[in-house]
Each structure stands twice: as structure tokens, then as C-alpha cells.
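This report concerns only the one structure given below.
The values are calculated or read from the model by the stated rules, or taken from the named source; none is laboratory data. All values reported here derive from a predicted model rather than from experimental measurement. Here the Cβ positions follow ideal geometry from the backbone for every residue, glycine too, while neighbour counts run over all protein chains shown. SASA here: full protein model, heavy atoms, side chains in, ligands and nucleic acids out. Shrake-Rupley method; radii C 1.70, N 1.55, O 1.52, S 1.80 Å.
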Amino acid sequence: MSEIVAPAKTAAPAGPWTRQNPFPGKLVVNRRLSSDDSAKDTRHFEIDLTGWGLSFEPGDSVAVYPTNDPNLVNEILRALGAKGDEPVLAAKTMKPFREALLRDYSITQPTPKFLKAIAQRASAAPMLTELLHSDRKHDLENYLWGAEVIDFLLEHPSVKFTPEEFVGLLTKLQPRLYSVASSLRVFPNQVHLIVDVVQ
């Protein structure tokens, strides 16, 4: 998954880099810090910020804006019978469907709205319909363990969504905030992050 970086707070006015136009930082180091036999996976990330032009201090927050896997985006487009160039609303502007799926929407975890739409439109999804009852919440969580949006699209090919309908069933792709673990005085063109990976 590629990532782009933008400041959560800055000491000086930002040039062209904003939340709507984050800086495209490049991940140059991804090193595991915890031992191989440890259950924890603690990572040291270094991101190249050459040309960023902003400042920060150790302990400030940096927002990392992720992008979705292009292969998964292509798989969803195929499942929906979409070309990818259809215009949809994303980040308060119209964008091609493919770009919106890549950068603006969470396309892995199925939302309750998405699941209800599948249950209503599928030619046969009695189990999902039953699990969506409010008293079956725990059973639904077990059923959804490891399941992704694409799984439901492939399992229920009778369900059809327009690109605009589909993005309306997704949540926005949220940035992740991380504390800066480096100093610009030592690494003037990089930001370092120490992250515990949760899977």
C-alpha cells in the first residue's frame, strides 16, 4: 500500500500541501524493531520529504494518507461491471470512479449500509438477512471475520450497483496520525515514525 504524507500541524504556513493536496512522500525504510520471536511487530519507518518545505518538531503529529491496493480496485471494478472512468462524488468534487476507490473510500471492510444493500438486492442471501437483525450482532461479527467488500460482490453477482450508489455505501478513507520520532536538524529531508503494526 503506497502512502502519502501531510502535516497534521505545522509551525509555518504550508505551501501547496494541504489535506486536500497532501505531499507524496516516499517510504524509504521499513525495518522491524521487535525480535522475530516477539508477538509484537514494531516498525521503524523513514519517509523521504525532499521538497516538502514544512517544519515540525519531535512529538508533533504527521498524517499519513493511505491509498488502496490498485489490484483490489480493479477487482471491484470488474465485479461491478464498471469501466472506472464514471464520475462520482469524492472529497467534495467529482472524480473518476477508479481514482475515488483508490484514494477516497475504504474498500475493504463492509459497512452496515453495504451489507443491508446486499441483503436487499441479492437473489438469495437469507443468512445475511437473518444476521442483520439487531439481536444477532455477535453472530454477524463472527460471520464477517476476515470478509471484505469484494467477497460479497463476488458471492452475489446478481447484485448491481451504479458507481455513485456503490461509493454511497462506503466510508471515507481516513488518514492515520503518527507521532514524529525524528528531528529535522538531524534528518532535514525525512520524517521517522515508530509504529506498532496491528493485523
### Summary
For residue 39, the lone unmet condition from (1) hydrophobic (A, V, I, L, M, F, W, C); (2) farther than 30 Å from residue 145 by Cα; (3) open to solvent by 10 Å² or more (accessible area, probe 1.4 Å) is (2)
### Meets criteria (of a type in the set (Gly, Ala, Ser), open to solvent by 40 Å² or more (accessible area, probe 1.4 Å) and under 12 Å from residue 173 (Cβ atoms)) for residue 100
no
### Task
Answer yes if at least one residue in the range 69-92 is β-branched (Val, Ile, Thr), without any contact (Cβ under 8 Å) to a residue 40 or more places away in the chain, within 24 Å of residue 147 (Cβ to Cβ) and open to solvent by less than 10 Å² (accessible area, probe 1.4 Å), and no otherwise.
yes
### Task
Residue by residue through the range 131-163, note down the ones that are among the charged types (D, E, K, R), surrounded by 13 or more Cβ atoms within 10 Å (Cβ to Cβ) and over 12 Å from residue 79 (Cβ atoms).
136, 139
### Task
Could you check residue 173 against (1) open to solvent by less than 30 Å² (accessible area, probe 1.4 Å); (2) closer than 30 Å to residue 59 by Cα; (3) not β-branched (Val, Ile, Thr) and say which number it fails?
(1)
#### Entry: Failed condition for residue 120, given (1) under 21 Å from the mean Cα position of the chain (by Cα); (2) within 21 Å of residue 105 (Cβ to Cβ)
(1)
### Query
Here are 194, 150: which of them is in a helix (DSSP H, G or I) and among the β-branched types (Val, Ile, Thr)?
150
### Query
Is the range 120-133 home to any residue that is of a type in the set (A, V, I, L, M, F, W, C), modelled with pLDDT of 85 or more and not in a loop (DSSP other than H, G, I, E, B)?
no
### Message
Just the residues that are among the aliphatic types (A, V, I, L, M) and over 23 Å from residue 99 (Cβ atoms), please, taken from the range 155-199.
### Response
159, 177, 180, 181, 184, 186, 191, 193, 194, 195, 197, 198
### Task
Mind listing whichever residues of the range 103-120 are of a type in the set (Lys, Arg) and open to solvent by less than 30 Å² (accessible area, probe 1.4 Å)?
none
### Checklist (1) under 20 Å from the mean Cα position of the chain (by Cα); (2) among the aliphatic types (A, V, I, L, M); (3) within 20 Å of residue 19 (Cα to Cα); (4) buried (at least 19 other Cβ atoms within 10 Å of the Cβ) applied to residue 49, failing item
(1)
### Task
Considering only the range 183-197, state which residues are more than 16 Å from residue 50 (Cα to Cα) and either crowded, with 17+ Cβ neighbours inside 10 Å or free of Cβ contacts under 8 Å to residues at least 12 places away in the same chain (or both).
193, 195
### Message
Kindly evaluate residue 180 against the criterion of being among the β-branched types (Val, Ile, Thr), touching a Lys or Arg at 6+ places or on another chain (Cβ under 9 Å) and either in contact (Cβ under 8 Å) with a residue 40 or more places away in the chain or surrounded by 15 or more Cβ atoms within 10 Å (Cβ to Cβ) (or both).
### Response
no
